[in-house]
Amino acid sequence: MATVVGFISEKGGVGKTTACYHIAIALGRYEGKRVLVIDADYQRGGISGRFFPKLIEGFGSEAPTGTTLFNKFQQLYSASPQTTEIDVLPCNGQIDLIPADPRLSTVSVDKLPSTNNIRANNMSLLSHMKTISFVLSGLSKNYDYVLIDSHPEVSDVMRSIIYVADHCVSPVKLDRQSSIGVATVIGEISNVNNDISMIRRSLDVEDDYRNTQFSGSMGMMAREYGEGLKQSEQLEYNRLRRSGKIFTNYVTEGDGLRIAAANRQPVFDVQGANAVKQAAQFRALTKEFMQVCP
Ligand SMILES: Nc1ncnc2c1ncn2[C@@H]1O[C@H](COP(=O)(O)OP(=O)(O)OP(=O)(O)O)[C@@H](O)[C@H]1O
Ligand SMILES: [Mg+2]
């Protein structure tokens, strides 16, 4: 069975998509792992665009064709039987993608048909949270890792990601805001874990849920002075380490990743000293990722 890892944060623009994309590529290309990437970012679909630029032309203005994650939530809203089939696009030999769907922004438990039966309502809330997990039930045996990129918002989609994930990691910029954002993420993981345990008791259902772990913040766009982090960033790094886990490896800010993003390539394929440095950082980060999220 695959290890499922959610890339989540409350803050936008902190490097979630960049981290998820490069770790996916490094796992496939350098570590020989089979990887499924799920793009649950309903605003940008950035990782879908990295793999298939055409896929996000007109993103948000037209609904994607085929069966997406959105359709799986919609089955619950229309009280149809939920099915696991979903479109999975092969990206290269090692990586497959479940692409983004902007309609995921409309996912909400408020749309579930409600009854005056508390047990039925709780069952339905549980099915909502289990949607991604249900979809993966037939798929995950084909992969070593499932990585999920997300939109920076505490939402019912995020709760479904936390439910299915064995681990969640949180990319951060090492600034004063990051410790606040990480605390929110840790709080939401514990909300989901507690909700599941409460629903499980109240429904008396056997459920194979295991508590999701917060497995660490990841320093992205870090700035160095000499060989180490700038003092203010080192202070923030230390603060994060005191309040939870943080990866030892980090990725520095620089042009290599900017060029990679503009060319829709991984930084591993970009020339130049800065790209070489960032590529090495991502390979080291990926090795640590495999230890932290085995
Ligand atoms: N280390 C880096 N150096 C330079 N640019 C970077 C670095 N990491 C990320 N970027 C750039 O910063 C921008 C934001 O990164 P990214 O899209 O990965 O963040 P995000 O958290 O996924 O954002 P959103 O919340 O909007 O989905 C992108 O343009 C990306 O190419
Ligand atoms: Mg993103």
What are the residues in the stretch 38-54 that are out of contact with any strand residue (DSSP E or B) (no Cβ under 8 Å at 6 or more places or on another chain) and either within 12 Å of ligand 2 (Cβ to nearest atom) or over 19 Å from Leu257 (Cβ atoms) (or both), if any?
Tyr42, Gln43, Arg50, Lys54
If you check Ile196, Ile246, Ile189, which single one turns out to be hydrophobic (A, V, I, L, M, F, W, C), touching a helix residue (DSSP H, G or I) at 6+ places or on another chain (Cβ under 6 Å) and closer than 30 Å to Asn122 by Cα?
Ile189
Unique residue being in a helix (DSSP H, G or I), modelled with pLDDT under 95 and among the small types (Gly, Ala, Ser) when the list is Ser190, Ser178, Ser160:
Ser178
Flag if Gly256 is within 10 Å of ligand 1 (Cβ to nearest atom) and over 19 Å from the mean Cα position of the chain (by Cα)
yes
Matching residues in the stretch 264-275 - criterion: being free of Cβ contacts under 8 Å to residues at least 24 places away in the same chain and closer than 25 Å to Tyr145 by Cβ:
Gln265, Asp269, Val270, Ala275
Quick one: which residue in Arg34, Arg44, Arg50, Arg29 is buried (at least 22 other Cβ atoms within 10 Å of the Cβ) and either within 13 Å of ligand 1 (Cβ to nearest atom) or in contact (Cβ under 8 Å) with a residue 40 or more places away in the chain (or both)?
Arg50
Inside the stretch 128-160, the number of residues satisfying the requirement of being surrounded by fewer than 17 Cβ atoms within 10 Å (Cβ to Cβ) and among the hydroxyl-bearing types (Ser, Thr, Tyr) is 1
Do we have any residue at all in the stretch 55-76 that's within 30 Å of Met198 (Cβ to Cβ), within 16 Å of ligand 2 (Cβ to nearest atom) and of a type in the set (S, T, N, Q)?
no
Is it the case, given these coordinates, that Ser105 is polar (S, T, N, Q) and away from ligand 1 (no atom under 16 Å from the Cβ)?
no
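Residues checked against (1) at pLDDT 95 or above; (2) crowded, with 20+ Cβ neighbours inside 10 Å; (3) within 20 Å of the chain's Cα centre (by Cα):
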site: Pro64; (1), (2), (3): no, yes, no
site: Leu69; (1), (2), (3): yes, yes, yes
site: Gln75; (1), (2), (3): yes, no, no
site: Gly93; (1), (2), (3): no, no, no
site: Thr106; (1), (2), (3): yes, no, yes
site: Ser114; (1), (2), (3): no, no, no
site: Ser124; (1), (2), (3): no, no, no
So, in the stretch 111-148, exactly how many residues are part of a helix (DSSP H, G or I) and among the polar types (S, T, N, Q)?
9
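The values are calculated or read from the model by the stated rules, or taken from the named source; none is laboratory data. These numbers were taken from a predicted model, which means no experiment stands behind them. Neighbour counts are summed over all protein chains in view; Cβ atoms, including those assigned to glycine, are modelled from backbone coordinates with ideal geometry.
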